[in-house]
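The values are calculated or read from the model by the stated rules, or taken from the named source; none is laboratory data. Computed from a prediction, not measured in an experiment: that's the story for all the values here. Methodologically, a virtual Cβ is constructed for each residue, glycine included, from the backbone with ideal geometry; neighbour enumeration extends over all protein chains shown. Please note that ligands, DNA and RNA were not included when accessible areas were found on the heavy atoms of the full protein model with its side chains. Shrake-Rupley method; radii C 1.70, N 1.55, O 1.52, S 1.80 Å.
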Amino acid sequence: MRWRWMHSRTPVKVRQPRFFCRQLSKTKLMRLPPLNALRAFEAAARHLSVQKAAQELFVTPAAVSQQVKVLEERLGVALFRRLPRRLELTDDGAELLPRLSAAFRQIEEAVEQLEIRKSDNRGRLTIGASPGFGASWLLHRLSAFQERNPEIELQLAARTTMSDAVLRESDHPDDLFEDCDIAVRFGDGHYAGNVVHKLFALHSTPMCHPALIDGRHPLREPRDLRHHTLLHIRNDVAQMDVGWPGWRDWFKAANVPDLDYRRGPAFNQVALAIEAAADRMGVVLGVPLLAARELSRGRLAIPFPISLTMSSAYYVVHPPQASDEVVAFRDWLISEAAREKWARPLGGLEPLRWIP
């Protein structure tokens, strides 16, 4: 309440508007100096160096000096004594520094705790896959899943034990996951007690660089392969009874069993054999699915529409009790597999089971 004199000269009590208190509180809050100025002073005072403060804050020394000057003008006191080649805190500066440092530490700790909680709440998903499938097909598609599910932290574990053939020779044949939440397995699909979805049947066919198809010895029919280097895949999986055909099997299916299927270099990794073929080293009997990237980019081509379907296939497998992260990845993977054009067979040949 305050007095206001009216023209009648009679003192009248006038009530202040209700927004007065709100304006007063706002005015008090606005008296806080700019945060950048406080941060520049705190860093310069802690180092007693404008140069070091600038390095810490990733700004120029001139910017630090300007912010300190803004703070001094705002407070109406000198915070530093500018001596030759060094700074010295005034009494006011020395009094302000520890309180500001403590305040900034509290802010940093609060933000850090929030980030830790956010990280702890972030879903983690470990995916098991064979090295060939992981490197040749899955790896290049994970970014699409990550964009849709940024809250899920992915870990890809490439292991040879994701093949039934390798597991059968291991000490723990029932260990399908090896600490993975979900696995893409290569095998027969019989994984009792687990949720299983078939992703791909694998089809094996000759592939080479397009230049070889119309080169010195054009590839018009299977018999033309006698003029070309044959590339072989001889890893642990291909040498076991899991339905992975070799050149002998393909020549027999293509009605050219008299060709020499033994000649040519061998590779112990699918990716290496595919890269060798893309580099014009020869013709590889490979799986288009695992060479999808090179086929799509034109680094590889398929000269003959003849493929052999393997008895083993790729399956996505996970335990019955599945987390939301597992379900999200499984559904996305099944959807991606359904759109994969290079998983389709060529020539419609009957499935062949390779028996060594």
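Some notes on this structure:
- For segment 63-151, the share of accessible area belonging to carbon and sulfur comes to 51 percent (1.4 Å probe, ligands and nucleic acids excluded).
- Length available on full extension from Asn36 to Asn268: 0.36 nm per residue minus the Cα-Cα distance, which gives 77.6 nm.
- Element breakdown for segment 186-294 at a 1.4 angstrom probe: carbon and sulfur atoms account for 46% of the accessible area.
- Modelled FRET efficiency - R0 30 Å, His47 with Glu153, Cβ distances, 0.05 increments: 0.20
- Sparse packing (at most 16 other Cβ atoms within 10 Å of the Cβ) combined with a DSSP loop state is found for the following trypsin sites (Lys or Arg not before Pro) in segment 253-351: Arg262, Arg263, Arg280, Arg297, Arg339.
- Inter-part distance where segment 85-103 and segment 177-232 are each reduced to a Cα centre, Å: 70 Å
- Were the residues from Arg248 through Asp324 laid out at 0.36 nm apart, the gain over their Cα-Cα distance would be 22.8 nm.
- Prolate/oblate/rounded label for segment 304-349 (Cα gyration tensor, a/c 1.5): oblate
- Gyration tensor over the Cα atoms of segment 38-101: the corresponding equivalent ellipsoid has semi-axes (square roots of 5 times the eigenvalues, largest first) of 16, 12, 12 Å.
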